[in-house]
Amino acid sequence: MGDLFEAWIGDDLLTPQALAQAADGACAQAVSAALRQYTDRGHALFVQHGNRDFLLGAAFAQTSGAQLLPDPVVLVLQGQRIVLTHGDQLCLADHAYLRFRQMVRQPQWQHQALAQPLAARVQQAQALRAASVAAQARPENWADADPREARRWMDRATSRWMIHGHTHRPRDHWVDGTLRQVLSDWDCDGMHGAPPRAQVLWIEVSAEALHVSRQSLT
Ligand SMILES: [Mn+2]
């Protein structure tokens, strides 16, 4: 559900030239190959864009066997309608980011960005990342999802259940009979100063019920 990759500067990360030009190339190719092994075994795989990997495109989908989903999307299981979203659009207080998002999600902006040579995009991504790290130096300042906006999204989708990530504040929010489940970020080797973490939600479908459990992969 977004930000599967820390950065995705274009599907040409999957080309042989990227291994020499982009530090992320090897990781991008290893992860895509692992996803391909999964989908080659007959599993369906769906990927949503996040704010870091919003440039995941058709070549990634073809290489990995994943299907790219719009954001938000409604998953229907046993008649339950579940709103799936990365979560960045719910952080209404993050005005600067939302302006940036509006710009970079335009097809014309993306077309121009992807026309830049790979090496130039590597540099731009590093600069963006540095600015983002500086802005996030104080975790208490991070914008959180706006609960009223989340409720509006659920109402619009005639749903009472939403799942999102992005905010790094894993929790189940029960409000007026609605459930908003927030996933953790993943940092399996604990490189970002906190204990290793990688939560998943398992939703198992049995005859008449959905069984939901939050599990940790670390
Ligand atoms: Mn995110």
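For the chain, the mean residue ellipticity at 222 nm estimated from helices alone is -10500 deg cm²/dmol, where every DSSP H run of n ≥ 4 contributes -39500 (n - 2.57) and the total is divided by all residues, rounded to the nearest 500. As a ratio to 2.2 N^0.38 Å, the alpha-carbon radius of gyration for the range 165-218 is 1.34.
Using R0 = 41 Å, the C-beta based FRET efficiency linking LEU19 and GLU208 works out to 0.25.
Ordering VAL83, VAL212 from largest to smallest accessible area (1.4 angstrom probe), what's the sequence? Each step should come with its number before you reach the end.
On the way: VAL83 5, VAL212 60 Å².
The ordering from most to least exposed comes out as VAL212, VAL83.
Ligands, DNA and RNA are left out, and with a 1.4 angstrom probe the accessible area of the range 76-213 is 62 Å² per residue.
Taking the convex hull of the alpha carbon positions in the range 1-70 and averaging its projected area over all directions gives 4.1 nm². Label points 7 Å out from Cα along the Cβ direction at ARG41 and HIS173: separation in nm? Placing both labels 7 Å along Cα→Cβ, they lie 3.5 nm apart. Heavy-atom accessible area, probed at 1.4 angstrom with all protein chains present, ranks GLU208, GLU6, GLU149 as GLU208, GLU6, GLU149, highest first.
Under the 0.36 nm per residue contour assumption, what length would be gained going from the current alpha-carbon distance of ARG81 and ARG105 to full extension?
Between ARG81 and ARG105, full extension yields an extra 6.0 nm.
Compactness check for the chain: Cα Rg over 2.2 N^0.38 Å is 1.05.
Among the trypsin sites (Lys or Arg not before Pro) in the range 9-62, those placed in a DSSP loop whose Cβ has at most 10 other Cβ atoms within 10 Å are ARG41.
The values are calculated or read from the model by the stated rules, or taken from the named source; none is laboratory data. Bear in mind that the values here come from a model prediction, so they are computed numbers and not experimental data. Reconstructed Cβ throughout: ideal geometry from the backbone, glycine too, with neighbour counts over all protein chains shown. These area figures cover heavy atoms from the full protein model, side chains too; ligands, DNA and RNA do not enter into them. Shrake-Rupley method; radii C 1.70, N 1.55, O 1.52, S 1.80 Å.
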